[in-house]
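I have placed the structure first, in the form of structure tokens, so that the comments after it can refer back to it.
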Amino acid sequence: MRFSAANPALSALLVSAALVAAPRDEDPVEVDIAKLVAITYEQGKPLPKEIQELDGKKVVIRGFMDPAQQTPDRVSAFRLVTDSCGCIGKPQVNHYVEVTLSGIDSEFRTNMVELEGVLSVGEVEEDGFVTSIYRLEATAIR
Amino acid sequence: MKLPLAARAALAWLACLGAVLALLPAALAAPQDPPSSEQIDQWIEHARGGKPAVRPQAAQRLVRAGAPAAARLLALAGSTSKECAALGPDLIESFGAFESEPLRAKLLEALRDPDFPWRPAAARGLAAKPKPAERALVLALLEDPLAAVRAAAIDALRALGEKEARDVLASRLADEDDRVRRRAAALLSDWGDRTSLAWLLEDLARSDSFFDRATGQMARYEAWTFLKTRLEGTSRSIAFQPQWAPSEVQAVDARGALAQALFSTAKSPSIPPLARAAQPAIDEVLGLELRSCRKGEFFLRWNSRDELWVGLGNAARLPLAPGTSEKLLAAADAAFRKLGAERFFGEPGCDLEDYLWRPAGSPRAEVFRLSKGPQAVQGLRPAALQELARLLVASLPTETDASDPRTVELARRVREALIALGGELAG
């Protein structure tokens, strides 16, 4: 059977099928950085289920660039934190999101930023040390 | 006899398992090789200058290494406060976990030195394994100017089991810092004073912010972390989500159910104004946020109605002389125009002096930041901000409400913090 654009019913059917099969541009989920930070983290132990479920999700998240990384240069990676200072306690690996800007860069911002991208959740180790549990490959910064 | 292949495989597997089990006790009993001096030095470098998440992990490895690591750290700590401070906060904190009297002496010396830049870390080190002989020091630290030190002192009291200090601890329920109040409430509850849970319950209703920072939301998360662990194992299984806006019906209902379960009444005990979950309409335009590792933290906001608001949460309102706002906002506008696109001055560090600015209609606040490490930096504050800083300090009332610790001697304390951060003030 040859496809004919002149057959509207068949066209509609094929277009619908193509839309279902193609990966949709997923709507981002709004993620609260306070929720990520508030977990009780123990190295090697599973993260809470609702946190694990965020792995691979397209998200929107707001926070601040870690002032400890302040630089006059443009940045393509930084830690996203809830506050300008971890002044009450020892900073832990669950207290930030390791952000990599994908295809974009930015000046170092002292005010709040909103990021959109894909969140990865889980321990990443370097030299036997856990260096991050949240990572964001951000495609937009506002 | 020739066994089938499957049986031979099973026998081989069992033989391997037997060998492993036979060797296991010896493997467990065998002492691990002590780390080499090179390995210790590498961990020290990680703990001093590695990524923030790596530093405490490296310090923990040093603690596990024991005496050789303690000896190396003691040598590096030198004989002056400056040499000791150069080790950084994670190593200073680790001093408290070693079984080493000389390192402990260094830790206590750091804590007693008001100019030592890592006193919060030293206090956490003390809190890890406090000794009965350090009781007086721990009680004194409950009154420390730094909130992080007061918080660690509460942890130390918990570790000491100092229930006789209940009254002193109860005074921390009126602390100017909400993180200290929550720790005090949690410990008092664990020592049998259930009414202190009212402070945590109140925090679940907070929706305040400091410019763009959702301080109320952060409070809800931390309060719920404390509260839910105190409800576990009881029949008080109540669903609450800290991300719920406090005015949502489900949040209101959950707080009511919690109050009923905790206090057998829909109303929780009365708590002081500074700890209440009020959200006054501040309409902040100009702010000053100071974070000094020696002089403490200050959160100040001015609006266009001749009002100064002090602190986070239910901030204290201080009326100003008529015309003050107009003068300050004009000075701020002029200063920020001079700075143009520049937003920060200095270098990354633990000390921050932030000027926040949100004129009417701006969706987000602009933040002009001075920052530095523990050492003083001359001339850090640019000329454009010098006059503004002076005017802001001059606007602070000198006579304030003694019942609110956030406003007591505010002008003097803010002035000292500004000098410690950005250097001497103009005029």
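Read the figures in this text as sums done on the coordinates, not as results from a lab. Fair warning: this is a prediction, and the values are worked out from it, not measured in the lab. Here the Cβ is made from the backbone with ideal geometry for all residues, glycine too, and neighbour counts use every protein chain on show.
The charge dipole of the stretch A:25-141, taken about its Cα centre with unit charges on the Cβ atoms of Lys, Arg (+1), Asp and Glu (-1) only, comes to about 340 debye.
For the stretch B:131-191, the convex hull drawn through the C-alpha positions has a volume of 66 cubic angstrom per residue.
Roughly how tilted is helix B:5-29, in degrees to the nearest 10 and between 0 and 90, from the longest Cα axis of chain B? Around 60 degrees separate the two axes.
Peptide A:50-61 shows a mean partner chain C-beta count of 0 within 10 Å per residue C-beta. Quick one: helix B:410-422 against the long Cα principal axis of chain B, what's the angle to the nearest 10°, folded into 0 to 90? Approximately 60 degrees, to the nearest 10. P(r) tail, chain B: Cα-Cα pairs separated by more than 37 Å, 38% of all pairs.
Derived from the Cα gyration tensor, the three semi-axes of the equivalent ellipsoid of the stretch A:71-134 are 21, 17, 11 Å, largest first. Highest-first packing order for the peptide set A:121-129, B:127-135 is B:127-135, A:121-129, based on the mean count of other beta carbon atoms within 10 Å. The calculated FRET efficiency for the pair B:Lys327 and B:Asp193, based on their C-beta separation and a Förster distance of 56 Å, comes to about 0.70. The Cα atoms of the protein assembly as shown cover 105, 87, 57 Å along the three principal axes, with the biggest extent listed first. Over the stretch B:268-427, the reciprocal of the mean inverse Cα-Cα separation, the Kirkwood hydrodynamic radius, stands at 16.2 Å.
Packing, as the average of other Cβ atoms within 10 Å across residues, places the peptides A:44-53, B:164-173, A:68-77 in the order B:164-173, A:68-77, A:44-53, highest first. Each 5 Å bin from zero up to the one holding the largest Cα-Cα distance in the stretch B:169-279 carries the following percent of pairs: 2, 13, 25, 28, 20, 10, 3, 0.
Calculated FRET efficiency, B:Gln250 to B:Arg276, Cβ-Cβ distance, R0 = 22 Å: about 0.50 to the nearest 0.05. Each listed q (0.10, 0.12, 0.21, 0.22 Å⁻¹) maps to a log10 I(q)/I(0) for the stretch B:36-161 from the Debye sum over equal C-alpha point scatterers, namely -0.28, -0.40, -1.18, -1.28.
How many angstrom separate the Cα center of the stretch B:47-100 from the Cα center of the stretch B:360-427? Answer, in whole Å: 33.
Could you tell me how many degrees, from 0 to 90 and to the nearest 10, lie between the Cα long axis of helix B:67-77 and the main elongation axis, the longest principal axis, of the Cα atoms of chain B? The answer is roughly 30 degrees.
Going down the table (B:Lys82/B:Lys338; B:Lys51/B:Lys338; B:Lys163/B:Lys228; B:Lys82/B:Lys372; B:Lys106/B:Lys163), which pairs top 25 Å between alpha carbons? Distance filter (> 25 Å) returns B:Lys82/B:Lys338; B:Lys51/B:Lys338; B:Lys106/B:Lys163. Other protein chain C-beta atoms within 10 Å of residue C-beta, averaged over A:70-82: 2. Spin-label model, B:Ser36 to A:Thr139: label points 7 Å out along the Cα-to-beta-carbon direction sit 4.7 nm apart. Look at where the Cα atoms of the stretch B:146-167 and of the stretch B:307-325 average out, and the two centres are 32 Å apart. Estimated from the Cβ-Cβ distance and a Förster radius of 30 angstrom, the FRET efficiency linking B:Asp212 and B:Asp167 is about 0.15.
Counting only other chain Cβ atoms within 10 Å of each residue's Cβ, the peptide B:252-263 averages 0.
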